[in-house]
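Down below is the structure, laid out as structure tokens.
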Amino acid sequence: MDINSLAQFVQDNQQIISSSLSAVVSSVLTTLFMRKNTSISEFERIKAGHFEKVVENLLNNGQMSYLEYYKTRNFLKIAKKADAIQNVIYRDNNDANQKEFDFDWYIRFFNSASNISNEEMQYLWAAVLAGEVNNAGTFSLRTLETLYNMTEYEAELFSEISKIVLDDCTIFSSMDGVGQKTNELYGFDNDSLRLLEEIGLLNGLRMESITELEPGECCGFENNGKILLCKSISNEKLDLKYTSYRLTIVGMQLLGVVRDLNNDCNYLIDLGKELQKSQPLLQFSLHPIESYDPEENYVNYNPNIDLLK
């Protein structure tokens, strides 16, 4: 089977293989490593998902270099991890793969991810692969480049900092000078800020936000399935001012990859208590979120449970 036939196979089956991680791996390996003198039986083994056997044969027959073998083994390890992630996170998603399958993205992914041998970093790459197979276009090529240049320490730092990211896009800085001390308790200090800015995950410029609150009106910050409500108890309109840092687009794309979701709401508890001491005209409370309405930008929470108490 010549290279033109292989290319035609990939083109003809894009819509089919886009719904299967195994078939994505098949098409990548076929395009990268099948040679003109490779037997039809090897090609059939790849289509059947017998990847490791084919790779061993290509190496033993001199059709694959040891460098290619090393890279392919790393890629297959990542693919196995991605398959496990898919089975847990995306198994009930019936809306997957609505976008067109981008084969060039997977080739770029292979060229980057195949150099990663660290187990912890392989898991991050696997999460990216599973997310992209589930919904094409989730991760940009720039995100792949950023992840490729990221060290294990930087990934661990971002994973820790992700626990205090609010509304999936910002890190609270201060309200009337309050907030920085709480952030430092959770590992977010000037050194962390500079490093996350350097690797392209966080915008180092602080943004100032102003929210107008009428008497009795609320606003809130979301984190890990909880919402920290700020309710005005003033008899007049309040201008609620606070500063924050915003994740870059790459940072927002990688947030879900590094974030370890659990029931920990300690950060919002500590932040809420600290803010309450300095804001006598605001009443703070912390509630579990029960549902979202993205079209109305509305959050439904349980008012009977206040975790600050």
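The values are calculated or read from the model by the stated rules, or taken from the named source; none is laboratory data. Computed from a predicted structure; not experimentally measured. Backbone-built Cβ (ideal geometry, glycine too); neighbour counts: all protein chains shown. Calculation scope for accessible area: heavy atoms of the full protein, side chains included, ligands and nucleic acids excluded. Shrake-Rupley method; radii C 1.70, N 1.55, O 1.52, S 1.80 Å.
Points to keep in mind about this one:
- Residue match in region 208-215 (condition: surrounded by fewer than 17 Cβ atoms within 10 Å (Cβ to Cβ), in contact with a Leu (Cβ under 7 Å, 6 or more places away or on another chain) and polar (S, T, N, Q)): yes
- Restricting region 146-166 to residues that are acidic (Asp, Glu) and under 14 Å from the mean Cα position of the chain (by Cα), the residue that is nearest to ILE210 (Cα to Cα): GLU160
Here's the yes/no breakdown for (1) of a type in the set (A, V, I, L, M); (2) at pLDDT below 80; (3) surrounded by 20 or more Cβ atoms within 10 Å (Cβ to Cβ):
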site: GLU56; (1), (2), (3): no, no, no
site: LEU59; (1), (2), (3): yes, no, no
site: LYS80; (1), (2), (3): no, no, no
site: VAL88; (1), (2), (3): yes, yes, no
site: ASN93; (1), (2), (3): no, yes, no
site: GLU120; (1), (2), (3): no, no, no
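- Against the criterion of being among the small types (Gly, Ala, Ser), surrounded by 13 or more Cβ atoms within 10 Å (Cβ to Cβ) and more than 14 Å from SER162 (Cβ to Cβ), GLY187 does not qualify.
- Close pairs from region 136-150: first of a type in the set (A, V, I, L, M, F, W, C), partner open to solvent by 40 Å² or more (accessible area, probe 1.4 Å), Cβ under 9 Å, at least 6 apart: ALA136/GLN98; ALA136/LYS99; ALA136/GLU100; ALA136/ASP102; PHE139/GLN253; LEU141/ASP104; LEU141/ARG108; LEU144/ARG108
- Selected residue [out of contact with any Lys or Arg (no Cβ under 7 Å at 6 or more places or on another chain) and either free of Cβ contacts under 8 Å to residues at least 24 places away in the same chain or surrounded by 20 or more Cβ atoms within 10 Å (Cβ to Cβ) (or both)] from VAL258, VAL178: VAL258
- Some residue of region 281-289 being free of Cβ contacts under 8 Å to residues at least 24 places away in the same chain, in a strand (DSSP E or B) and within 29 Å of the chain's Cα centre (by Cα): no
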